[in-house]
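Have a look at the structure below before the remarks.
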Amino acid sequence: MCTSSFEPAEQLVLLSVLLHLLWLTRPRCMVRHAVCSLDAVQRGRVWTLLTANASHAAFPHLLHNCIHLLQLGPLLHATLGCSDLLALMLTAALASSAASLLWNGVLGGRPKEGGPPAPRSSLSSRSAWPTPR
């Protein structure tokens, strides 16, 4: 069970908003620490595999993802429980960053930044699965 009064999706929305504010005030720092690229990982900044998934430099992107998280997060939290939802979100974040690195950095031959918004994508995919009643 979650120990916070906020659900996991709400916590991710709050983190995303805080990271967006950092994009507005400290963009050079955010490029270094919140953009997943092959170069960043090769230089030891492995945390970018996770931070890139909660980081949104553009406000419309942030708003779109937050709406999805707030809409689907509580449903999945009720279905999966706190620990399974957190595991799903972290696994999806790492998997999407790894896939982005493989596709853009390794197979593409150049370190390209970015990747899909994994937590929202995983929540959308999971909500499409039939659930027992």
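The values are calculated or read from the model by the stated rules, or taken from the named source; none is laboratory data. Please read these numbers as outputs of a predicted model, since none were measured by experiment. Using ideal geometry, Cβ is built from the backbone for each residue, glycine included, and neighbour counts are taken over all protein chains shown. Remember, those area values only see protein heavy atoms, side chains included, never the ligands or the DNA or RNA. Shrake-Rupley method; radii C 1.70, N 1.55, O 1.52, S 1.80 Å.
Within region 86-95, the set of residues being in contact (Cβ under 8 Å) with a residue 40 or more places away in the chain and out of contact with any Cys (no Cβ under 9 Å at 6 or more places or on another chain) comprises Met89, Leu90, Ala93, Leu94. Just for region 70-79: of the residues that are in contact (Cβ under 8 Å) with a residue 40 or more places away in the chain and open to solvent by 40 Å² or more (accessible area, probe 1.4 Å), which one is farthest from the chain's Cα centre (by Cα)? Ranking the qualifying residues of region 70-79, first place goes to Thr79.
Checked against (1) open to solvent by less than 60 Å² (accessible area, probe 1.4 Å); (2) under 20 Å from Leu86 (Cβ atoms), Glu10 passes all but a single condition, namely (1). Reported count of residues in region 5-51, each being over 14 Å from Ser97 (Cα atoms), among the charged types (D, E, K, R) and modelled with pLDDT of 90 or more, is 5. Residues in region 95-119 that are modelled with pLDDT under 75 and either among the hydrophobic types (A, V, I, L, M, F, W, C) or within 14 Å of Thr51 (Cα to Cα) (or both): Glu113, Gly114, Gly115, Pro116, Pro117, Ala118, Pro119. Taking (1) open to solvent by 50 Å² or more (accessible area, probe 1.4 Å); (2) touching a residue at least 24 places away in the same chain (Cβ under 8 Å); (3) of a type in the set (A, V, I, L, M, F, W, C) in turn, Met30 satisfies each apart from (1). Against the conditions (1) modelled with pLDDT of 95 or more; (2) of a type outside the set (D, E, K, R); (3) touching a His at 6+ places or on another chain (Cβ under 9 Å); (4) open to solvent by 20 Å² or more (accessible area, probe 1.4 Å), Cys2 satisfies every one except (1). Evaluate the following for Asn53: is it assigned to a helix (DSSP H, G or I), in contact with a Lys or Arg (Cβ under 7 Å, 6 or more places away or on another chain) and surrounded by 13 or more Cβ atoms within 10 Å (Cβ to Cβ)? In short, no.
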